[in-house]
1. If one computes P(r) from the Cα atoms of region 5-87, what percent of pairs lie at distances over 18 Å?
2. Could you tell me which residue out of Ser29, Val74, Phe84 lies farthest along the dipole of region 5-87 toward its positive end? Charges go on the beta carbon: Lys and Arg +1, Asp and Glu -1, centred on the Cα centre.
3. Measure nothing but the geometry: give the 0 to 90° angle between the long axis through the Cα atoms of 67-87 and the longest principal axis through the Cα atoms of the chain, rounded to 10°.
4. Based on DSSP H runs of at least 4 residues, each adding -39500 (n - 2.57), what is the mean residue ellipticity at 222 nm of the chain after dividing by all its residues, to the nearest 500 deg cm²/dmol?
5. Quote the relative contact order of the chain in percent (integer), defining contacts as alpha-carbon pairs under 8 Å separated by 6+ residues.
6. So how do 72-83, 35-46, 19-30 stack up, highest first, on mean other-Cβ count within 10 Å?
Amino acid sequence: MQIPEDQLTTIKEALFQGQKIQAIKLYRSATSVGLAEAKDAVDKLESELKAASPEKFSLSKAPSGGCLNVLLSVCVLLLLGSIFLLLC
């Protein structure tokens, strides 16, 4: 399916930034295809882009723990504070 170059560029930029869901939404908007077909097409495009230009992909794509990391940090600090109080 032919996509206008400006829309294809936007889809590629979303993929380079690690925004795959956004890329799928953009693809669906540009082509009016279903979700499964758009996902397959974006997966294929992503594979081609990674093979051709792996350096363009964002390195900040690593998953973050979000709230879980904050909660664990607070628990560790509380535990350390309790131990400190018991020793004093």
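1. Tail fraction, whole percent: 57.
2. Phe84
3. That works out to roughly 10 degrees.
4. -23500 deg cm²/dmol
5. Relative CO of the chain lands at 25 percent.
6. Result, highest mean first: 19-30, 35-46, 72-83.
Values quoted throughout were computed directly from the atomic coordinates according to the rules given, and no laboratory measurement underlies them. From a predicted model like this one, the values you see are computed outputs, not experimental measurements. Because the Cβ atoms are built from the backbone with ideal geometry, glycine has one as well, and the counts that use them run over all protein chains shown.
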